[in-house]
1. According to a simple spin-label model (label point 7 Å from Cα along Cα-to-Cβ), what is the distance in nm between Y198 and T267?
2. Can you tally the net charge around A181? Count Lys and Arg as +1, Asp and Glu as -1, for every other residue whose Cβ sits under 12 Å from the Cβ of A181.
3. Just T49, T282, T347 to compare: in a GNM of the chain, with alpha carbon springs under 10 Å, which one fluctuates most?
4. Give the shape of region 199-323 as rounded, prolate or oblate, defined through the alpha-carbon gyration tensor: a ≥ b ≥ c are the square roots of its eigenvalues, a/c under 1.5 means rounded, and otherwise the shape is prolate if a/b is larger than b/c and oblate if not.
5. When the chain is fully extended, how far beyond the present Cα-Cα distance does V258 get from L21, taking 0.36 nm per residue of separation?
6. Sort R429, R95 by heavy-atom solvent-accessible area, probe 1.4 angstrom, most to least.
7. May I ask you to give the percent of accessible area on region 311-357 that is carbon plus sulfur, with a probe radius of 1.4 Å?
8. Where is the GNM fluctuation largest for the chain (alpha-carbon springs, 10 angstrom cutoff): N104, N87, N59?
Amino acid sequence: MELAVQAALLLFGVFFLLLLLGVPISISIGISSLASVILVLPIDIVLFTAAQRMLGGINSFALLAVIFFIMSGSIMNNGGIALRLVNLAKLIAGRLPGSLAHTNVVGNMLFGSISGSAVASAAAIGSVMSPLQAKEGYDKGFSAAVNIASSPVGLLIPPSGVLILYSLTSGGTSISALFMAGYLPGILMGLAVMIVAYFIAKKNNYTVSEKVSIRDAIKIIFQAIPSLMLIVIVIGGIVAGIFTATEGAAIAVLYSLVLSLIYGNLTWSHVPKILKETIVMTGIVLFLVGASSIMSWAMAVTGLPSAISNALLSISDNPIIILLIMMFMLLVIGTFMDLTPAVLIFTPIFLPIAIQLGIDPVHFGIMLVFNLAIGVITPPVGSCLFIGCSVGNVPIEAVIKPLSKFFVVLVVTLLFVVYIPEISLALPRWLGLL
């Protein structure tokens, strides 16, 4: 136990110190992991084994799914798909008070469910909606806050690269079950943002969109159907067992490429940009996965997960209390650490505790991603916060106050997902995936 405490202090102490010094997170993970495991093993063995672990961590066929989904998201972001989904979202939510705000939320839900990227949603949908909302007299801070708060919905609604990474880190939790489990929590997340937006819109007397004729409505729906078919083809094929998640991701790339070329918004001159974006993001993700593999090995060697488990369970044997502590810790972690490394680092720590409490790994994966997804909208390192402010042309200070209202409601929604397992598990159970 004393060794585990020393290892924990060294591991997290060096890690956070390096982050404060501005060292990239992947390198911080690797250095702090090596520093902690040197407590128990000779340095030559540590370096040799760490290299093996890093290579083994990225030598996974399933990681190709993450790479392909990154590429398909980049294609969609450049291919004009966002505008057609915004038109459909406006048709769905256009008659509500503050219709453009609701259109933004529904647009993020639709685009996020196709691209699987919160940042891509914030950029694509925000760049379309911000000028429209400014023209209608919406407060810029409120408009940006709505876009920022709803952009992480795609991290839960499949296909989601983060859920694939959780599956790998957790030791092979069913990707199909995780995908199906993400639907209801993701929809609840979007509805929670819409509820807050509704009351703010009523208070400020924001406008309702003009009624769309039946002819125009049919046109909008038909224009959006090809984009929405991507969800049916990819998710339907994975759940039905027609192809694997990796094969489904490759199909998503091909489908989105052909569709974007047909729409005419994507030309071959865009291909170098798309490839560059994909290569950069893939390099970041793979380096994180490799570094996190070293950290997982370091924690296993030093007995850190079992020490943390014993410490938490010594506080209380009540699952409600333990879950509340874990969720609070993850909320704090999410404010200063990006979602992907947080999933890779803390899944091996908290999942064994959750299993010991009788929590299904699929349910835990959804609550983990939901929790950390809130972190991408909060300072100081929230990626969606910065992107949303950038496309909304508004300073961060103007967004914090309206965004705090959405934050509170999202945390309440998270607690519903945590303490009502059927919100996550009902759909995969109904489909026979659990």
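The values are calculated or read from the model by the stated rules, or taken from the named source; none is laboratory data. It should be emphasised that the depicted structure is a prediction, and the values quoted were computed from it without experimental measurement. No Cβ is skipped: glycine too gets one built from the backbone with ideal geometry, and neighbour counts run over all protein chains shown. The protein model used for the area step is the full one, side chains on, heavy atoms only, and it has no ligands, DNA or RNA in it. Shrake-Rupley method; radii C 1.70, N 1.55, O 1.52, S 1.80 Å.
1. Going from the T267 label point to the Y198 one covers 4.5 nm.
2. On the way: positive: R429; negative: D360, E422.
Net local charge, A181 excluded: -1.
3. Fluctuation is largest for T49.
4. Values: a/c = 2.42, a/b = 1.50, b/c = 1.61.
Taking the square roots of the gyration eigenvalues as a ≥ b ≥ c, region 199-323 is oblate.
5. Details: separation 237, 0.36 × 237 = 85.32 nm, distance 4.48 nm.
The V258-L21 span can extend by a further 80.8 nm.
6. Numbers: R429 115, R95 145 Å².
Sorted by accessible area, descending: R95, R429.
7. Details: 1320 of 1840 Å².
On region 311-357, the fraction of accessible area on carbon and sulfur atoms equals 72 percent.
8. N59
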